[in-house]
Amino acid sequence: MDTVRILGRTARIIDLSDTLSNDTQAFEPNQHDIKYIDHVLGLTLGAQVFGLTLEQVKKAVPRGYAWAVEQVTLSTHSGTHVDAPYHYGPQMQDGTPTRTIDQVPLSWCMGDGVKLDFTFKAAGEGITAQDIEQELQRIAYTLKAGDIVLIHTGASKHFKEKGYDHRHAGLTREATAHLVERGVKLIGIDAWGLDRPFSATFPEAMQGKTEFWESHFYGLEQEYCQIEKLTNLESIPMAHGFTVVALPYKIQGASSGWTRAVALVPEP
């Protein structure tokens with residue numbers, strides 16, 4: 001069990017982040033590639049760094065190996081990541097520029113966690129404001145400003161399967177508004193996206209039934225951020241009373257940043 005002593009209390013650390021690997025390279029919509037340079041090949045890099053031949057480096061490093069390095073090509077939306085308001089559009093509805101990930105307040109990215117269980121929802125189904133309110137009543141919790149709400153769909157168990165990005169329920173616009181209007185600035189989900197899958201929403205948008213990407217676009221009316229591709233939500237043993245930390249990587253002018261999201265669960 002991984003624990004930490006923080007603010008005078010001992011807390012169990014639950015890792016909520018997906019592992020980025022080449023296993024999903026063939027079907028991941030946000031493409032990535034990891035090239036592994038092992039310790040032996042690290043000697044060759046050392047030769048380049050020091051301007052020497054490989055034989056000269058081997059004399060200086062008789063153990064026969066040096067450092068390991070990985071070269072990664074990926075999207076800022078690969079793996080577990082935090083979306084900034086800039087991801088949804090260039091400006092807010094009132095005309096002000098949207099915040100990029102390096103401008104998002106860190107206070108939004110750590111706070112009291114609230115886990116809402118929607119694992120009973122089918123893939124492609126919408127999670128409504130009424131669903132949100134019923135779940136809050138079930139867990140006997142009232143949202144407050146600064147809470148980090150985690151939407152548990154159960155879809156993360158499909159992350160290593162082709163087509164996983166169509167295997168989740170998602171928030172409707174009204175559900176997202178219901179959370180943000182109560183002071184929630186960060187919403188997380190254990191799925192590829194916060195909205196319902198494109199396979200469900202795009203045909204509806206073509207028919208004029210709903211707005212495409214409606215939960216994302218709501219962020220241009222009231223700004224908020226999302227954590228996408230969370231995992232392990234089932235390991236959080238309570239619906240509230242824990243802390244979430246999901247600090248995004250600081251990338252200038254970017255729409256998103258990778259995060260190692262964790263839940264801190266107080267120990268008795």
Of all residues making up the stretch 205-216, the number that are surrounded by fewer than 16 Cβ atoms within 10 Å (Cβ to Cβ) and of a type in the set (Asp, Glu): 1
Those residues of the stretch 217-250 which are on the phi > 0 side of the Ramachandran plot and either assigned to a strand (DSSP E or B) or open to solvent by 20 Å² or more (accessible area, probe 1.4 Å) (or both), in sequence order: Asn232, Gly241
Where a residue in the stretch 123-150 is farther than 21 Å from His216 by Cα and touching a residue at least 60 places away in the same chain (Cβ under 8 Å) and its partner, wherever it lies, is surrounded by 17 or more Cβ atoms within 10 Å (Cβ to Cβ) and of a type in the set (A, V, I, L, M), with Cβ under 7 Å and at least six apart: Ile139/Ala239; Tyr141/Val114; Tyr141/Ala239
Criterion violated by Gly208 - all others in (1) at pLDDT 95 or above; (2) assigned to a loop (DSSP other than H, G, I, E, B); (3) farther than 20 Å from Pro90 by Cβ; (4) small (Gly, Ala, Ser) satisfied: (1)
Members of the stretch 1-24 that are within 30 Å of Glu161 (Cα to Cα) and outside any strand (DSSP E or B): Met1, Asp2, Leu16, Asp18, Thr19, Leu20, Ser21, Asn22, Asp23, Thr24
Boolean, Lys185 is in contact with a Cys (Cβ under 7 Å, 6 or more places away or on another chain), open to solvent by 10 Å² or more (accessible area, probe 1.4 Å) and either hydrophobic (A, V, I, L, M, F, W, C) or at negative phi (or both): yes
Every residue from the stretch 45-72 that is in contact (Cβ under 8 Å) with a residue 12 or more places away in the chain, open to solvent by 40 Å² or more (accessible area, probe 1.4 Å) and not in a strand (DSSP E or B): Leu45, Lys58, Val61, Tyr65, Trp67, Ala68
Cβ pairs under 9 Å, 6+ apart, first in the stretch 81-106 and closer than 18 Å to Gly257 by Cβ and among the hydrophobic types (A, V, I, L, M, F, W, C), second open to solvent by 40 Å² or more (accessible area, probe 1.4 Å) and assigned to a helix (DSSP H, G or I): Ala84/Asp102; Ala84/Gln103; Ile101/Tyr86; Ile101/His87
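The values are calculated or read from the model by the stated rules, or taken from the named source; none is laboratory data. Just so it is clear, the model here is predicted, and its values are computed rather than measured. Cβ: placed from backbone, ideal geometry, glycine included. Neighbour counts: every protein chain shown. For the accessible areas, the whole protein counts, side chains as well, though only heavy atoms, and no ligand, DNA or RNA atoms are used. Shrake-Rupley method; radii C 1.70, N 1.55, O 1.52, S 1.80 Å.
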